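First up is the structure itself, then whatever we jot down about it.
Values quoted throughout were computed directly from the atomic coordinates according to the rules given, and no laboratory measurement underlies them. Bear in mind the structure is a predicted one, so any value in this text is a computation, not a measurement. As a convention, Cβ positions derive from the backbone with ideal geometry for all residues, glycine included, and neighbour counts pool all protein chains shown.
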Amino acid sequence: MKEKYMTEAAKEAYTGIENGHGGPFGSVIVKDDKIVGRGHNRVLYKQDPTCHGEMEAIRGVKVDGVVNTLLEYGLICEAGRKEALGRPILYAT
């Protein structure tokens with residue numbers, strides 16, 4: 001992994017700490033050598049246990065291949081389908 005991306009993830013973590021959002025965890029998503037998503041732990045800020053840095057980085061990212069890559073590496077798995085219009089897939093970590 002390239003050092004510049006680790007540095008950006010660390011910056012995200014510090015942003016979360018400085019703002020009292022949660023623990024010292026930051027994440028970036030890189031595609032074609034560009035950061036396409038970033039996030040830090042916001043569990044305390046949003047009062048939501050799913051707001052880890054990795055999940056925050058994924059939110060809002062154009063998912064061309066990102067979800068497939070996460071599935072391939074076993075970082076997420078299909079957990080089921082929501083009983084809603086279009087029956088969207090629910091993923092678990």
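Odds and ends about this structure:
- Whichever lysines have a C-alpha closer than 28 Å to that of Lys31, once near sequence neighbours (fewer than 8 apart) are set aside: Lys2, Lys4, Lys11, Lys46, Lys62
- Shown here: the chain, whose C-alpha atoms stretch 39, 33, 20 Å along the first, second and third principal axes, sorted largest to smallest.
- Using the average count of surrounding beta-carbon atoms within 10 Å as a protection proxy, the listed peptides 25-37, 78-90 rank, highest first, as 25-37, 78-90.
- Summarising the amide proton neighbourhood of Gly37: residues at separation of 5 or more, or on other chains, whose placed amide H is nearer than 5 Å comprise Ile29.
- Degrees separating the helix 3-18 axis from the principal Cα axis of the chain, which is the longest one: 80
- Residue-by-residue Karplus 3J(HN,Hα) for segment 76-93, coefficients 6.51, -1.76, 1.60, Hz, glycine and proline x: 9, 9, 6, 9, x, 10, 7, 7, 8, 3, x, 6, x, 6, 9, 10, 10, 9
- For the pair Tyr45 and Ala79, a Förster radius of 22 Å applied to the C-beta separation gives a FRET efficiency near 0.30, rounded to the nearest 0.05.
- Per-residue HN-Hα couplings for segment 31-41 [Karplus 6.51, -1.76, 1.60; θ = phi - 60°; Hz; x = Gly/Pro]: 9, 6, 6, 10, 6, 10, x, 8, x, 9, 4
- Label-point separation in nm, Val30 to Ala10, each point 7 Å along Cα→Cβ: 1.4
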